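Working notes, beginning with the structure itself.
The values are calculated or read from the model by the stated rules, or taken from the named source; none is laboratory data. Please read all numbers here as calculations on a predicted model, not as lab measurements. Every residue, glycine as well, gets a Cβ built from its backbone with ideal geometry; the counts of neighbours run over all protein chains shown. Surface areas here come from the heavy atoms of the whole protein model, side chains and all, with no ligands, DNA or RNA. Shrake-Rupley method; radii C 1.70, N 1.55, O 1.52, S 1.80 Å.
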Amino acid sequence: MATALITGASQGIGACIAKRLAKDGFNVVINHYPSDGDKEKAEAVAEECRAFGVKAECYAADVSKYEDCEAMVKAAKADFGTIDALVNNAGITKDALLARMKETDYDTVIAVNQKSVFNMMKLVCSVMMRQKHGRIVNVASVAGLYGNPGQVNYSASKAAIIGMTKSVAKEYGSRNITCNAVAPGLIRTPMTDVLSDELKAKMIEAVALRRYGEPEEIASVVSFLVSDDASYVSGQVIEISGGLSM
Ligand code: NAP
């Protein structure tokens, strides 16, 4: 049975991807931030995954830290045998207009959203190379494609992920490893719950489908990208935004 590792999978889009891949028949490695609250939520996600008859285990790791990622990948490889799919989903926002953005808020968002993808791809690609097979999906954002006021740090991190995705696709294609990105628009998760009703309404006005996306609508595209049906798709960015920008 193939194994998928999903970062930041204790809630939101990551939890939904873990459950969808479990439903698809993957054993799942559920990463969560090292806190008691995240551990509890991740355990509940793992329980739901196991209901599909697959193996599911939780691993605490702050993915912005290389040593945490190294320990997690080593443990997951020992426990599961292979890592066939990697979904780099963990992400945060620390929004402010450029003039008011603190340097620490810039650095933290880059470390969590971007450096984590370097950490995880570097470690997991070496496993996948030996397997001569692998699927990587990086969760970017429409902010990385088009920019967003108040999100210089976040859009920089997500634009970087897109460049990294294309570079890794070119570096590892000959080893039968595909690397793609998804760029979600406005998706209903704890990350967007905090936005004001006024801002949400304004953002939805710009969406052709005139509604939020649901985490399941991201998970279904990720499910395709890690499947055999996507065997000739690599280095691509799939926007999942209900027609936000056309
Ligand atoms: P979310 O509900 O806040 O989930 C993000 C998850 O990542 C949380 O479980 C979070 O744990 C975890 N995480 C944060 N920092 C971490 C770290 N250093 N190490 C390990 N895990 C960490 O947000 P979401 O909306 O599901 O977002 C998932 C991904 O989609 C993110 O990359 C986000 O940028 C992207 N995205 C979301 C939207 C949207 O509209 N929701 C749109 C475009 C892209 P904590 O709760 O402890 O922080």
ask   = From 36, 68, which residue is open to solvent by 20 Å² or more (accessible area, probe 1.4 Å) and in contact (Cβ under 8 Å) with a residue 12 or more places away in the chain?
value = 68
inquiry  = Restricting to region 24-41, and then to whatever is assigned to a loop (DSSP other than H, G, I, E, B) and of a type outside the set (Phe, Trp, Tyr), can you tell me which residue is farthest from the ligand (Cβ to nearest atom)?
reply    = 25
query = What about residue 44, is it among the small types (Gly, Ala, Ser), away from the ligand (no atom under 14 Å from the Cβ) and closer than 18 Å to residue 216 by Cβ?
reply = no
task = Can you give me the number of residues within region 141-164 that are without any contact (Cβ under 8 Å) to a residue 40 or more places away in the chain and either open to solvent by 40 Å² or more (accessible area, probe 1.4 Å) or over 21 Å from residue 222 (Cβ atoms) (or both)?
result = 4
inquiry  = Give all pairs with beta carbons closer than 6 Å in which a residue from region 218-243 that is touching a residue at least 12 places away in the same chain (Cβ under 8 Å) meets a residue that is basic (Lys, Arg); count only pairs at least 6 apart in sequence or on separate chains.
reply    = 219/20; 223/20; 226/135; 235/166
Among residues of region 31-76, those that are more than 22 Å from residue 121 (Cα to Cα) and not hydrophobic (A, V, I, L, M, F, W, C), counted = 13
note = residue 21 vs (1) in a helix (DSSP H, G or I); (2) farther than 21 Å from residue 81 by Cα; (3) of a type outside the set (Lys, Arg): all pass except (2)
